[in-house]
Amino acid sequence: MYENIASNKRKTVFLIIGFLIFIGAIGYAIGLYFEYRYGANGGYSIALMIFALIIAIAVSFWSYYGSDKLVLKLVRARQLQREQNPRVYYMVEGLSIAAGLPMPKIYIFEDNGMNAFATGRNPSNSVIVLTSGLIDNLDDSELKGVIAHELSHIKNYDILLGTVIVVLVGMVAIISNIILRGFIFGGGRRRSSRSSGGGVLSIIFLILGLILIIISPIIATIIKLAISRSREYLADSNGALITRYPAGLANALRKISARGKIEAANNATAHLFIANPFGKKSKNFFSNLFNTHPPAEERIKRLEKMALGVGVK
């Protein structure tokens, strides 16, 4: 269990570093583009990209501080008080103590689908959201497994990580789109004042840069999804560690994978849920590649291995 947690943490660090290097490469490609076409100073172009990156990070933090309220409105969730459902309230309270976290607020939204997610800007300002279908159809050990999974997301600051990555991916897509439009509609001609410089090597770098710009949104999205999947595996492991009963979450995921579709879910919120909120998709290469969640079968298999077969249904 501890080896799995450490492995996922290392993968996440490498993915983030790789993503930042990738953004730097995009900046360099844009610098080459402006230098070749407009005769502008390459350092100036890269400086503009750094400025855009700073703006992206600032926007991501702004989104983070207001994201919880926005998501709660999107799913029309209502806050749960202790007297309304003591069973759920005391589960969250006990597991929060076990995880060493302040107790998050509990929200419920009416949906027959079985799903859950966590949001909030930090452990002291966090929220766990459960569907009514989840509460009604899981037994205590299964519901504890789901709650512990979401507490793990809060403890690991996964929501902050996800928000930053999503915004950076969006910035890459926007910048790529602007540059491509400028190249297409501007004719891609180089200024005559620069006609004597560059040579074949500059043209090669320019072509490579344009290819990078074209495919950057796809690569950035794949990196984002890879990070999301890695965090789900990590939250499964941490959740099992909190409850000391991996079979509870494994059994819950088996039920959720069959009835996880949520009517209020959309592409912007899908990655927050414990399981794919769009229901079962066709099992082909592309659907798996662009799915924000790892395969339920693989998650269940890992948890069952941790449980050593004890309690598995």
Multiply the residue gap between Ala25 and Asn266 by 0.36 nm, knock off their C-alpha separation, and tell me the result in nm, one decimal place.
83.7 nm
Sort 141-154, 237-250, 98-111 for me by packing, meaning the mean count of neighbouring Cβ atoms within 10 Å per residue, highest on top.
141-154, 237-250, 98-111
Can you work out the FRET efficiency for the pair Tyr65 and Arg259, with r the C-beta to C-beta distance and R0 = 41 Å, to the nearest 0.05?
0.80
Simple SL model, points at 7 angstrom along Cα→Cβ for Ile218 and Tyr90; separation in nm is 5.5 nm
Rounded to the nearest 0.05, what FRET efficiency is calculated for Lys73 and Lys305 with R0 set to 25 Å and r the Cβ-Cβ distance?
0.05
Roughly speaking, what is the stretch gain from Lys313 to Ile211, that is 0.36 nm per residue apart minus the C-alpha to C-alpha distance, in nm to one decimal?
31.7 nm
Extending each Cα 7 Å along its Cβ direction at Met103 and Ala47, get the distance between those two points in nm, one decimal.
5.5 nm
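Every number here is computed from the coordinates shown, using simple stated rules; none is lab data. Since this is a predicted model, take the numbers as computed values, not measurements. No Cβ is skipped: glycine too gets one built from the backbone with ideal geometry, and neighbour counts run over all protein chains shown.
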